């Protein structure tokens, strides 16, 4: 009887399609079923007594599962990956529990696995689609916010004359909306690419599913072979039982032969002991097999040919809520929501010999439903007769829910894509409106700058001239007050215009060689008088390890430090101001330098330090009233530091002082000695210079005459561009100082005529009261050599005139510097944004880089060819396609602006001067970006 129970239990284990493994406390495999042989590709002899952990991709994780079973008694649905000897990987969920002997001692662990490759793929795809849906929701919200913001902007333009004082706040809001719009557009591009990537992954998973189904069919064939082998094994066991019966008969004969009883007594005792051991072994085998079945967390049930349940494990008791007595001999089909379907599964097992992953729903006696997948096969007696069916179930409730959610997510993603396309159209329309608003704002600032700076030029200029004459003490006091007020007003105008440049994204940074130490010293010299007036002490700390000559933007650096020192002087009434410059890092190509300005002034409350870098923000409401200022200085400082790759910080204690520090990187150059000599030559006096001043306002004419007379230069005056051209035809001049806004013929028109019609290369310096980026770019486009802003600084004017006239002598040096800069070319890409958008997914990053590498060279060729053929529609479309890629690949906005200028030219066919140069610059930077991205692609590829 025990032998029959053992055979019965063993047939159930071998009939299961799920791999079943038993492991002893030392981690060695002690027993397996045929499904384990199939999934590993190794035979039973190779698996028995081998290390359990060797068949997984993550051995340590498998070891932890094994230990957790011993600690907790069982584990459920633990994910691992089995490894076939041929390299094929199978994702499985493991259910495991301990099994014990009659005395309750733990003998080992039994683990049952279920292949979940398809469910895992469905889960991952569902999560990805949810994330995409979330992103599309966010884009839709941003698009709605952009529509509202644009309506508000239109209302503000209608009320502009009444709300002039609120114009700056409106401009700030417009900048924020434009930034948000560009971010949303970039996110939409990334989201669409992510969706395409997910669709590709879905097709791959479908292909893998086909392969998996073919493999399952192969496994079913192997299972049938194993069933045939089981029949042979049963026949062999029957033969062995017959042999045992013969041996028993021989034992009876031996007992009858009393004469041999004494001689054979020892043999009889041995035979009796062997029989007892055999009986005990059979009992243990039966208990062992049954303990494996009971240890399984998957419901197992046997049904006879009449459909009645004959046996079950504890897992079936738990999932139905019925007792073993209630289940035994009850109808198998009563515990399903679809009894007819359950009956068909049962019949299919008898007809085909087995079924795999048949979906059904089990019903708990309290009403709870559980979705399961059934694996079933027949089992036979020792004569090969089918006596029933064994079925093993796996709870797939969660997987079914995920599949349902996946379908919903796919539908939602399709709807979200349609909404995103509509939002994109609305965003493009809003872009046009916003760009028009920016142009209107820039025109307003241009006019305002010109109207204010023109009278300020005369006020400050003549104040300086009068201060050079003999005056009484009272007169000097009054004139100094006028000059200080004028200077303060110019600072205010400059702050507002600098902020406008930042808002419009027009702030540019030069790459020119300069001497750091002398530049800082000259700048501090400007504050020495003011610091002495307030009885403060100025401390200078300069790191001599800093190279003498560096490449960067000295003008912007001066502006940053001047703002910080100006604030320190303004808010410090006693003590000292310390300006320190320290070398933080140096390599072959560049240096990183930290600049710090420390004062012993009024300090900043801790709760205010986070807001002082915002526009129009000061530490307290009384700060502006007590100390003056607009609250723009620190905002501009931050906008000048961060676009150069630096960062600014503040540490402050109220009534003790503050420290503002920032870091910037500069390129190194080897042209030290030559640059030193050429700069020294600029300081030598130049004589016999004749200047033509083109200016329509009499006050400014008088001021320019006074300044040029002081320089010792000859000068001539023309009231407008037309008169200037006539004078230029009749006389010889060394240089022209050209006002931009004049009647009859303005400065732009006059310069264009001088360059294109007269073919003259005479140096021209623009005198402009409008220092917005728009007009400065236009100055360069028509052929002007330089510009100087009104009110005119006489020292700056003198240095610009001398510098331009000495420029031929510097040509050789400049060429060498450019070579040095080219040799140490700065990397043009920055993949920080791409990392954020792809969540550092290497495959997605490689795909997006590949798209850029495939798209960009053809677009460059299209731009060049369409410009040559004057195909403006194709030129504009190609430039438009390139614009989003700059921000995605972290390329400077300066080159994005070049692409926008090319697109604008294609639309209007105006301002064609220099368009070929812009295309050439765009080609150079894109080819450099392609080269750098190919290197990044190879690095990523080698790391995965």
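Read-outs throughout are calculated quantities, based only on the coordinates presented, and are distinct from any laboratory measurement. Remember, predicted model here, so these are calculated numbers, not experimental data. Positions of Cβ are generated from backbone atoms using ideal geometry, with glycine treated the same way; all protein chains shown enter the neighbour counts.
Ranked by the mean number of other Cβ atoms within 10 Å of their residues, highest first, the peptides 534-544, 298-308, 365-375 fall in the order 298-308, 365-375, 534-544.
Expressed in Å, the radius of gyration and Dmax of the Cα atoms of the range 832-943 are 15.0, 49. Fully extending the segment from residue 225 to residue 84, taken as 0.36 nm per residue of separation minus the present Cα-Cα distance, adds 48.8 nm. Sorting 779, 105 by the number of Cβ atoms found within 10 Å of their own Cβ, with the fewest placed first, yields 105, 779. Of the two radii for the range 508-668, the radius of gyration is 0.96 times the Kirkwood radius, both from the alpha carbons; that is the Rg over Rh value. Working from the Cα coordinates of the range 1-96, the gyration tensor eigenvalues give, after taking √(5λ), semi-axes of 22, 17, 13 Å in decreasing order.
Among 397, 757, what is the fewest-to-most ranking by other Cβ atoms within 10 Å?
757, 397
The ranking of 761, 59 by Cβ neighbour count inside 10 Å, starting from the fewest, reads 761, 59. Between rounded, prolate and oblate, where does the range 690-805 land on the alpha carbon gyration tensor, with a ≥ b ≥ c its root eigenvalues, rounded for a/c under 1.5, else prolate if a/b exceeds b/c? Rounded, because the longest to shortest axis ratio a/c is under 1.5.
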